[in-house]
Amino acid sequence: MRALLQRVREASVTIDGKVKSAIGKGLLILVGIENTDNQTDIDWLCRKIVNMRIFNDENGVMNKSLLDVGGELLAVSQFTLHASTKKGNRPSYIRASKPDVAIPLYENFVEKLSLAAGKEVKTGEFGADMKVALLNDGPVTIWLDTKQKE
């Protein structure tokens, strides 16, 4: 499971010209799922996301977590995070899960992340043509991959 965290001042997802979800200060999380992902990956990723100290303290040092600052969360499914670019110029998405596997894992991730954060996680819509807008704060962008956690 891969996640790209972006510390934002605000972010939103628009589908068919209508805003589906929007957050203020917090994290926009792009989530990619592959067939080998499981509950252990979800649990590790959720703990990491809510506890990672990437928000500034009173001295301007990244020393506070999402939990410390009461930040909001927006999770968007993003199969292209599993793009393979080794051959040619057209990425391959062979490692990305098909919807029958990815949707339940994504929904479980959102549920577990909500429990870990103690608040609702806003979402996009799996498989939809989404327009994602954000104001990256810093910028701070962090890459997490559960297959590289050790």
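Since every read-out is calculated from the coordinates, none of them should be taken as a lab result. Values in this document were obtained by computation on a predicted structure and should not be read as measured data. Using ideal geometry, Cβ is built from the backbone for each residue, glycine included, and neighbour counts are taken over all protein chains shown.
Highest first, please rank the peptides 2-9, 103-110 by the mean number of other Cβ atoms sitting within 10 Å of their residues.
Answer by packing, highest mean first, reads 2-9, 103-110.
Please determine, in degrees from 0 to 90 and to the nearest 10, the orientation of helix 99-117 with respect to the longest principal axis defined by the Cα atoms of the chain, where the helix direction is its Cα long axis.
So the inclination is approximately 10 degrees.
How would you order 28-40, 129-141 from highest to lowest mean count of nearby Cβ atoms within 10 Å?
Order by mean packing, descending: 28-40, 129-141.
In the chain, what % of DSSP beta bridges are antiparallel (nearest 5)?
Bridges in the chain that DSSP calls antiparallel: roughly 80 percent.
Enumerate the amide H contacts of T123 below 5 Å, restricted to partners 5 or more residues apart or on another chain; note that Pro and chain-start residues carry no placed amide H.
Amide H to amide H, under 5 Å and 5 or more residues apart or across chains, T123 pairs with A75.
Past the 31 Å Cα-Cα mark, which pairs from K18/K119; K86/K112; K18/K112; K25/K86; K18/K98?
In this structure, K86/K112; K25/K86 exceed 31 Å between Cα atoms.
How many angstrom separate the Cα center of the range 75-124 from the Cα center of the range 4-67?
13 Å
Quick check: net charge around F55, other residues with Cβ under 13 Å of its Cβ, Lys/Arg +1 and Asp/Glu -1?
Here the count lands on 0.
Compute the helix-to-body angle for 39-51: its Cα long axis versus the longest principal axis of the chain, expressed 0 to 90° and rounded to tens.
For 39-51 against the chain, the angle is about 30 degrees.
For the chain, what does -39500 (n - 2.57) per DSSP helix run (n ≥ 4), summed and divided by total residues, give at 222 nm, in deg cm²/dmol to the nearest 500?
The per-residue figure over the chain is -7500 deg cm²/dmol.
Classify the range 30-106 as rounded, prolate or oblate, taking a ≥ b ≥ c as the square roots of the eigenvalues of its Cα gyration tensor: rounded when a/c is under 1.5, otherwise prolate if a/b is larger than b/c and oblate if not.
Here the range 30-106 falls in the prolate category.
In percent, how large is the relative contact order of the chain, given Cα pairs closer than 8 Å and 6 or more residues apart?
Over the chain, the number comes to 38 percent.
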